[in-house]
Each structure stands twice: as C-alpha cells, then as structure tokens.
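In what follows, a single structure is set out as structure tokens and then discussed.
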Amino acid sequence: MFSFFFSDPLPIGVKAPDFTLPDQEGNPVTLSKLRGRNVVLVFYPADDTSVCTKQLCEFRDRWPLVQEKNTLVFGVNPAAAPSHAKFRERYLFPFPILVDRRQKVGALYHARSFVPRRTVYLIGPDGLIRYARRGKPEPEEVLAAAV
C-alpha cells in the first residue's frame, strides 16, 4: 500500500513509460512524439518553493548546454496550470511545466507520494531511460547521460 514511499527510480536501460500530459498552457505533450531527442523530466514537489525554484533555475541557466545536447526539459508537478504558468513566467523558464493532476505519470515514474518525490530522468532519443536519480542533481550530471 505504501510501496511508493520506498521505491527506487526506474532503472537505467528500460523503456520509459509513454504518457500525454498538458503543459501550463493546456497544450498536450506526448513522450513518444519526442523520439529523436533527449528528454529530461524533473518531478518536483511544489511551485515557488526554494529548492524547486533553484533546481529548475539551474536548468534554465544551463540552457545553451541543454540545447547543445539535443535535449528537451519538462518540469512535472500536480499543481494546476495557472500556478505553473505564473511560476514559469516569474522565473523565465524556457521549458514547459507539465500538469500531472492525479500524479498518474508520477506513479509510472516512481515519483508519486503525498508530495511528489524530487526525481530526475533523462530519456534517450530511443525512448530508453539513460539517467534516473532522486534529489537535485546538477544539470551537467544529468546531461552527461545524453546521447
């Protein structure tokens, strides 16, 4: 019943679960349609909190490296779209924030909890997980797994 408290992130080398979620503007984002690019998913607990803001700002501040690595970045959180839109606008994030209202995608990626578990994935152009870690890894560490 409470296994989500103790689960590890998905293992490296497995196929990433496909999903479709709306971004902060309501535009659908489907993982399988992003094949050919690296995709970073940053599951984070809450908009406008100190650590979450710092984590997403670090990806914003490394944006040239993100682009150099043929990578798309998405924040993922269950808050409502208007909250994400304000958060994104306030900090000028160059990437979308996806709305995972019932944490269904969070559950697929072992990030679901009462408060989403801070978890970062890099999914390769082939749809396989290349990086998975809890916490707040540096963007350079995450992007080093990009192919």
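The values are calculated or read from the model by the stated rules, or taken from the named source; none is laboratory data. Nothing here was measured: the structure is a model prediction, and the numbers come from that model. In this analysis, Cβ positions are derived from the backbone assuming ideal geometry, glycine residues included, and neighbour counts consider all displayed protein chains. Ligands, DNA and RNA are excluded from the accessible area calculation, which covers all protein heavy atoms including side chains. Shrake-Rupley method; radii C 1.70, N 1.55, O 1.52, S 1.80 Å.
The residues of region 11-26 that are among the β-branched types (Val, Ile, Thr) and touching a residue at least 12 places away in the same chain (Cβ under 8 Å), listed by number, are Ile12, Val14.
Among the numbered conditions (1) out of contact with any helix residue (DSSP H, G or I) (no Cβ under 9 Å at 6 or more places or on another chain); (2) among the small types (Gly, Ala, Ser); (3) farther than 25 Å from Val14 by Cα, the only one that Ala79 does not meet is (1).
Restricted to region 66-146, the set of helices (runs of 4 or more DSSP H) holding at least 3 residues that are among the hydrophobic types (A, V, I, L, M, F, W, C) comprises 81-91, 104-108.
Scanning region 78-104 for residues that are closer than 14 Å to Val40 by Cα, open to solvent by less than 10 Å² (accessible area, probe 1.4 Å) and not aromatic (Phe, Trp, Tyr) yields Ile97, Leu98. Would you please name the residue that is farthest from the chain's Cα centre (by Cα), looking only at residues in region 17-49 that are aliphatic (A, V, I, L, M) and assigned to a helix (DSSP H, G or I)? Out of the qualifying residues, it is Leu34.
For region 61-77, does any single residue satisfy the condition of being out of contact with any Lys or Arg (no Cβ under 8 Å at 6 or more places or on another chain), of a type in the set (Asp, Glu) and open to solvent by less than 30 Å² (accessible area, probe 1.4 Å)? There is no residue in region 61-77 that is out of contact with any Lys or Arg (no Cβ under 8 Å at 6 or more places or on another chain), of a type in the set (Asp, Glu) and open to solvent by less than 30 Å² (accessible area, probe 1.4 Å).
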